[in-house]
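**Q** This is the structure I want to talk about, given as structure tokens.
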Amino acid sequence: MTHSVKLPIFLAVIAALVMPLGTFAYLGFYAVHSLGMLSIFSSSFTLLSLWLPFLLLISLWGNAAIFRWLWKSFPEESSEKLTLQRIWMIFIFATGILSLLTPLYSIFSDSAALHVAWSVIFCFETVAAIYFGLCLLRIAHGIRHRFLFALGILISLSFVSDYSGLKMLQPIVNENLSAFESADSTDIISSLSGLSPSEFETLDDESIADVQEIFFSVFAIAAALVASLIAFHAAISFSFFILFAVYVKHHSPIKIS
């Protein structure tokens, strides 16, 4: 019982503090990279690119342990327990494959095959976790169990908002950054605004200022959306782990009528 309470508290700290701060730092290094100054922080960037996937795997295996505890808490031979157990086995299978692919993809991030394989398995696992949460939600609604109902909602929202999936966009970002490195700021802004360089040069100073303002506004909005996603996921995951710890401490046998 003590082990079951300590695990979600440990995961709550990782989800609410360690991973969000590490992710913000990682994105900051990406921004520095776009300015051509990444070499100054290359060592820190390399460590973060390996550390964050490691934390992701810890989080996934921790969730697997929590899911196992949840389905085992149901009465023996109940159909609800069997359903949750089958989904959990799919989740475990995907987590095992990700445990092999994630280190490889972190080291060989330019590999197209590893990128596709990692993306497919990550999506597969995410869908399995969301389905686990929805099934728990449906079961809890049927037996009127408020704790399980809340846990089902938080599980589904946590995996829907998992920003680790943004790693699938990494090749696109890398490709665009490589293209931007060989162009000056005027060419970049004119390209993203849909204007040719010749058309951009015909604009007056006020129009150029408007285009630049729109350009930076779009990037500011995108950055705000990503930050909001990270904050939302951190809050949801933290709530889930803490609620689970409270549930374990005050657990009573689940009765299926």
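The values are calculated or read from the model by the stated rules, or taken from the named source; none is laboratory data. For clarity, every value in this text was computed on a predicted model and none was experimentally measured. Note that each Cβ is placed from the backbone with ideal geometry, even for glycine, and that neighbours are counted across all protein chains shown. Only protein heavy atoms, including side chains, enter the accessible area calculation; ligands, DNA and RNA are left aside. Shrake-Rupley method; radii C 1.70, N 1.55, O 1.52, S 1.80 Å.
**Q** Has segment 59-70 got at least one residue that is on the phi > 0 side of the Ramachandran plot and over 15 Å from the mean Cα position of the chain (by Cα)? It would help to see each step written out before you state the result.
**A** If we filter segment 59-70 for residues that are on the phi > 0 side of the Ramachandran plot, which is where we start, we get none.
No, segment 59-70 contains no residue that is on the phi > 0 side of the Ramachandran plot and over 15 Å from the mean Cα position of the chain (by Cα).
**Q** Separate question: Taking F93 and the conditions (1) part of a helix (DSSP H, G or I); (2) surrounded by 17 or more Cβ atoms within 10 Å (Cβ to Cβ); (3) among the aromatic types (F, W, Y), which numbered condition does it fall short on, given that it satisfies the others?
**A** It fails just one condition, (2).
**Q** Taking the stated definitions as given, is F132 modelled with pLDDT of 85 or more and among the hydrophobic types (A, V, I, L, M, F, W, C)? Even if it seems obvious, please write down each step before you answer.
**A** On the way: modelled with pLDDT of 85 or more: yes; among the hydrophobic types (A, V, I, L, M, F, W, C): yes.
Here the answer is yes, as F132 does meet what is asked.
**Q** Mind checking which residues of segment 223-241 are open to solvent by 40 Å² or more (accessible area, probe 1.4 Å) and closer than 16 Å to V18 by Cα? Steps first, please.
**A** If we filter segment 223-241 for residues that are open to solvent by 40 Å² or more (accessible area, probe 1.4 Å), which is where we start, we get 223-226, 228-229, 231-232, 235, 238-239.
Those that are open to solvent by 40 Å² or more (accessible area, probe 1.4 Å) and closer than 16 Å to V18 by Cα: L229, A231, F232, A235, F238, S239.
**Q** Before we move on, is C123 in contact with a helix residue (DSSP H, G or I) (Cβ under 7 Å, 6 or more places away or on another chain) and in a helix (DSSP H, G or I)?
**A** Values: in contact with a helix residue (DSSP H, G or I) (Cβ under 7 Å, 6 or more places away or on another chain): no; in a helix (DSSP H, G or I): yes.
Judged against the criteria, C123 is not a match.
**Q** If I ask for residues that are within 28 Å of F244 (Cβ to Cβ) and open to solvent by 60 Å² or more (accessible area, probe 1.4 Å), which ones from segment 41-63 would you list?
**A** W51, F54, W61
**Q** If the Cβ limit is 7 Å and pairs must be 6+ apart or interchain, which residue in segment 208-235 that is under 21 Å from S161 (Cβ atoms) and at pLDDT 75 or above pairs with which residue that is not aromatic (F, W, Y) and not in a helix (DSSP H, G or I)?
**A** The qualifying pairs are L229/S161; F232/S161; H233/S161; H233/D162.
**Q** Then there is this: Against the condition under 25 Å from S156 (Cα atoms) and in a helix (DSSP H, G or I), how does T102 come out, does it pass? I'd like the intermediate steps shown before the answer.
**A** Numbers: under 25 Å from S156 (Cα atoms): yes; in a helix (DSSP H, G or I): yes.
In short, yes.
**Q** Output the residues belonging to segment 155-172 that are open to solvent by less than 60 Å² (accessible area, probe 1.4 Å) and of a type in the set (A, V, I, L, M). Give the steps one after another, and end with the answer.
**A** Taking segment 155-172 first, the residues open to solvent by less than 60 Å² (accessible area, probe 1.4 Å) are 155-156, 158-159, 161-165, 167-168, 170-171.
Of everything in segment 155-172, those that are open to solvent by less than 60 Å² (accessible area, probe 1.4 Å) and of a type in the set (A, V, I, L, M) turn out to be I155, M168.
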